[in-house]
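The values are calculated or read from the model by the stated rules, or taken from the named source; none is laboratory data. The structure presented is a predicted model; accordingly, all values stated were derived computationally and were not measured. Quick reminder, even Gly has a Cβ in these numbers, built from the backbone with ideal geometry, and neighbours come from all protein chains shown.
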């Protein structure tokens, strides 16, 4: 629905929506810093979910009240953009806090597969129900499904109480002594409100992750704008566009699930962490070359499906492994800052860059050709970060 709301709000306004999303993310950073300073993650995480559930129901009412549709669509686009990043970022912070590097290599692909299995259901239901019900009436169903995730959070927290930070069940560290998991779970992250930002500025490693994220979001934004323009030119019916996006989502999630369950752990083991992290950037370099030669609907659909599936199955788990070797404050505060403000800041800047390139007459093919060197740089940054993570892990006894 986010993609459809972006088109409904006007493709010519997309760069403003990306800028608005960045400003909301910027405002959320000190609030999240305050929460992590005062409360343990297991206490504030459920309430974050409750907040987003309430927002879904509010948007349903606004759409039903027939308030100016374009403005509500734009607000929903910004909200969904914040939701997609914030919820996932906090979840992976918790995962990075529990597992060691070796455990993450084995388990993060499987953990991500659980999310993918759920994500398969969403697009399938959307494609099935959007034509008879309409996009707006899917919002209460989304709220109901999201409420079930709160129960899963409580189960996960209870299970986490049997783990030592950086350990396994019953406090094992893949062969270490147990500590006090209850105290570890109930302890706030601490630090000051903007501590995550300060840590990023002081760490070359975290700055490297920022660079990785900026290149990722820049190239993803270029593809998103390509998709919005090409799909708008091919389909005039909102329901048809929503059905296409749902079909793409379903295909992405199906490919992701198969890869996560059968290949992710094996790829990390055989290629090594650095090459795993660089695989998708290398593939996207080829994808932009294809779009430069053939900027057609089938081409953008193929590149987006392969890029997104590869991101969820390989790039995302590998990117989360970058944080496993860091401290608690970096895992929650710095990671959240990078996953939200840096991510959406890159979105906003690259959206205006795209608009500027379009304004001077560059076509989809021309912009795609200009993106090829950026994809190559992304590949290099990813590989170097992967090497650095392995070196840090080798110096940490608990992560060996």
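Remarks
- Residue 148 satisfies every condition listed in (1) within 21 Å of residue 253 (Cα to Cα); (2) under 20 Å from the mean Cα position of the chain (by Cα); (3) modelled with pLDDT of 80 or more except (2).
- Checked against the criterion of being under 18 Å from the mean Cα position of the chain (by Cα), surrounded by 17 or more Cβ atoms within 10 Å (Cβ to Cβ) and not in a helix (DSSP H, G or I), the candidates 342, 324 yield just one match: 324.
- Scanning region 108-135 for residues that are surrounded by fewer than 16 Cβ atoms within 10 Å (Cβ to Cβ) and part of a helix (DSSP H, G or I) turns up 110, 114, 117, 118, 121, 128, 129, 131, 132, 133.
- Any hit, region 370-378, residues being more than 23 Å from the chain's Cα centre (by Cα) and surrounded by fewer than 20 Cβ atoms within 10 Å (Cβ to Cβ): yes
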